[in-house]
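*Asks:* Got a structure for you, written out below as structure tokens; questions coming shortly.
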Amino acid sequence: MNQPAESLMEYQDRDGAEMLRVRDLHAFYGESHILHGVDFDVKRGELVTLLGRNGAGRSTTLKAIMNMVGRRTGSIMINGTETLGMPAHRIPRLGIGYCPEERGIFASLDVEENLLLPPTVRSGGMSIDEIYEMFPNLYERRRSQGTRLSGGEQQMLAMARILRTGARLLLLDEITEGLAPVIVQALGQVLVKLKERGMTIVLVEQNFRFAAPLADRHFVMDHGLIVEEISAAELPSKREHLHTLLGV
């Protein structure tokens, strides 16, 4: 039986509570069967990565959690609530924020308008001042339209926008792709700060050097399945093995 919404915050605040539990997740686009029984869990305050080669199903896993695929079966528990039958527009209300690879910035709006546009899904979202403190580049460009932002600035804006909503579980898809090293480093520092604030993060990332020092656990995907789990403590001894799995 699903938990009432009023108890979700209490569930979330318990030490060691699972923020996300995925079991036997299958996802389809039309007749294409993309995910073939994905299983993983994420505890409150963890940062985990979904690693794998292109086409392994990492981005589809995030979309399936948000109910943004054609069809899905299995079980997806968010903050203790089963969401498989939940419509997509209700899922963010459980305190989950999704930052897609394509960023989705509104080009005709300036930075501050983009930040103010998304609705608050629950209390505890970061204020505009807190956002600008975390992303000083956005403060400098706050009156610039989305079309005038660099790729790195657009990525910062896409992340900052979901932090305004009050989300505590963040699904981040390829946030460093195509960005300059200095921007990648800045995004890494942001993730560290978000972890310090107690946020839970699922990071799809191709840049293993970026992800390795940040994550508590790594889940390796291949052909729509989780094929291996490697903790941060195991990483030094399994690094070469992981490189083989990823083809890097």
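The values are calculated or read from the model by the stated rules, or taken from the named source; none is laboratory data. Remember, it's a predicted structure, so these values are computed and weren't measured experimentally. Every residue, glycine as well, gets a Cβ built from its backbone with ideal geometry; the counts of neighbours run over all protein chains shown. The protein model used for the area step is the full one, side chains on, heavy atoms only, and it has no ligands, DNA or RNA in it. Shrake-Rupley method; radii C 1.70, N 1.55, O 1.52, S 1.80 Å.
*Asks:* Output the qualifying pairs, or none if there are none: Cβ atoms under 6 angstrom, residues six or more apart or on different chains, first residue in the range 59-82 and touching a residue at least 60 places away in the same chain (Cβ under 8 Å), second residue of a type in the set (S, T, Y).
*Replies:* Listed by first residue and then by second, the contacts come to M66/Y98; N79/Y11; G80/Y11.
*Asks:* Return the pair list, or none, for Cβ contacts closer than 9 Å from residues in the range 124-141 that are within 19 Å of L169 (Cα to Cα) to residues that are small (G, A, S) and not in a loop (DSSP other than H, G, I, E, B), at least 6 apart or on different chains.
*Replies:* M126/A160; I131/A160; M134/A160
*Asks:* Inside the range 205-248, can you point out the residues that are over 17 Å from the mean Cα position of the chain (by Cα), at pLDDT below 90 and within 10 Å of L51 (Cα to Cα)?
*Replies:* Residues satisfying the conditions are L242, L245, L246.
*Asks:* Looking at this structure, is P181 more than 13 Å from the chain's Cα centre (by Cα), modelled with pLDDT of 90 or more, under 26 Å from L115 (Cα atoms) and not β-branched (V, I, T)? Lay out the reasoning, then the answer.
*Replies:* Values: more than 13 Å from the chain's Cα centre (by Cα): yes; modelled with pLDDT of 90 or more: yes; under 26 Å from L115 (Cα atoms): yes; not β-branched (V, I, T): yes.
Yes; evaluated as a whole, the condition is true for this residue.
*Asks:* Of all residues being touching a helix residue (DSSP H, G or I) at 6+ places or on another chain (Cβ under 6 Å) and in a loop (DSSP other than H, G, I, E, B) in the range 165-177, which is surrounded by the fewest Cβ atoms within 10 Å (Cβ to Cβ)? Just the residue, please. Step through it out loud before you land on a result.
*Replies:* If we filter the range 165-177 for residues that are touching a helix residue (DSSP H, G or I) at 6+ places or on another chain (Cβ under 6 Å), which is where we start, we get 171, 173, 175-176.
The next check asks that each one be in a loop (DSSP other than H, G, I, E, B); those that pass are 175-176.
Values: I175: 24, T176: 22.
Per the criteria, the residue is T176.
*Asks:* When you scan the range 8-118 for helices (runs of 4 or more DSSP H) that lie fully inside it, which ones turn up with 2 or more residues that are closer than 19 Å to V204 by Cβ and open to solvent by less than 20 Å² (accessible area, probe 1.4 Å)? Break it down into steps so the answer makes sense when it comes.
*Replies:* Numbers: elements: 8-13, 58-65, 111-116.
Hits in the range 8-118: 58-65.
*Asks:* Just give me the residues in the range 123-148 being open to solvent by 90 Å² or more (accessible area, probe 1.4 Å), under 14 Å from V111 (Cα atoms) and out of contact with any strand residue (DSSP E or B) (no Cβ under 6 Å at 6 or more places or on another chain), in sequence order.
*Replies:* Selection gives D129, Y139, E140, T147, R148.
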